[in-house]
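Take a look at the structure set out below.
Taken together, the values in this text are just the output of simple stated rules run on the coordinates, not laboratory data. Remember, it's a predicted structure, so these values are computed and weren't measured experimentally. Positions of Cβ are generated from backbone atoms using ideal geometry, with glycine treated the same way; all protein chains shown enter the neighbour counts.
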Amino acid sequence: MGVVVARLATKDMEGARVIMRRLIWSLNDESGGIGWGAPEAMAEIMARHDGLAREYAHMLVSYVRPDGNFLEHELLQRGAIWALGRLARVKADLIQDCIPHLPSYLESKDATVRGLAAWTMGLLRSETARSPLKALLADNAEIQLYLDDKLTVRRVSDLAEQALSALGKQC
């Protein structure tokens, strides 16, 4: 979807915006549905189109903010945090506002949420995450992570170690 909508945006920006707004609407309680995959699709689109990223990155951040459009369902939280990680790989400057809100996800009961939060915090090089990341070094839960067009299995502890390495590990 990211490739297609990014290509559409080069020819019909308003058409691409309509798709982005529909994805956003699907995550709204009033939509009557549940936006499975919407944050991930939004991130993939934004990772491939600068204009859409500048316009909509703040919406991704709002999904992890308790004072924003917070997603309560853990499966949707997985999507939102993966989306922030995807965008952090190519446009980290647009999502810096999420940094204060991510450390709480490192303590989630959901291993995938913890692992994705560790991965994202490492990509954002967030110093505020150093202490909670250290606590995850003993977390051997395995999660699936879609990365570089491949579904991989990673341990939460490995993602925490990777994040700490990105910060310049100080144990």
Exercise. Mind pulling the angle between the C-alpha long axis of helix 50-62 and the longest principal axis of the chain? Nearest 10 degrees, somewhere in 0 to 90.
Key: 60
Quiz item: Roughly how tilted is helix 13-26, in degrees to the nearest 10 and between 0 and 90, from the longest Cα axis of the chain?
Solution: 60
Exercise. Distance between Cα centroids, region 1-74 to region 128-171: provide it in whole Å.
Key: 26
Quiz item: Among rounded, prolate and oblate, which fits region 1-95 when a ≥ b ≥ c are the square roots of the eigenvalues of its C-alpha gyration tensor, a/c under 1.5 means rounded, and a/b larger than b/c means prolate?
Solution: oblate
Quiz item: Which of the trypsin sites (Lys or Arg not before Pro) found in region 134-171 are in a DSSP loop and have at most 15 neighbouring Cβ atoms, other than their own, within 10 Å?
Solution: K169
Quiz item: Expressed as a rounded percentage, what relative contact order does region 102-171 have, with Cα pairs under 8 Å and six or more residues apart?
Solution: 36
Practice problem: With everything on Cα atoms, drop me the angle between helix 74-91 and the longest principal axis of the chain, reported from 0 to 90° to the nearest 10. | Solution: 80
Self-check item: Selected from D67, D97, D139 as most flexible by GNM, with the chain as the system and alpha-carbon contacts under 10 Å
Solution: D67
Quiz item: In region 56-138, what chymotrypsin sites (Phe, Trp or Tyr not before Pro) fall in a loop by DSSP, with at most 14 other Cβ atoms inside 10 Å?
Solution: F70
Self-check item: Cleavage-rule hits (GluC sites (Glu not before Pro)) in region 33-118: DSSP loop, at most 10 neighbouring Cβ within 10 angstrom
Solution: E72
Quiz item: Contour minus end-to-end for K11 and E74, with contour as 0.36 nm per residue of separation and end-to-end as the Cα-Cα distance?
Solution: 19.1 nm
Exercise. For every helix of n ≥ 4 consecutive DSSP H residues, a contribution of -39,500 (n - 2.57) applies; sum these over the chain, divide by its total residues, and give [θ] at 222 nm rounded to the nearest 500 deg cm²/dmol.
Key: -17500 deg cm²/dmol
Quiz item: Could you give the alpha-carbon Rg of the chain over 2.2 N^0.38 Å, rounded to two decimals?
Solution: 1.01
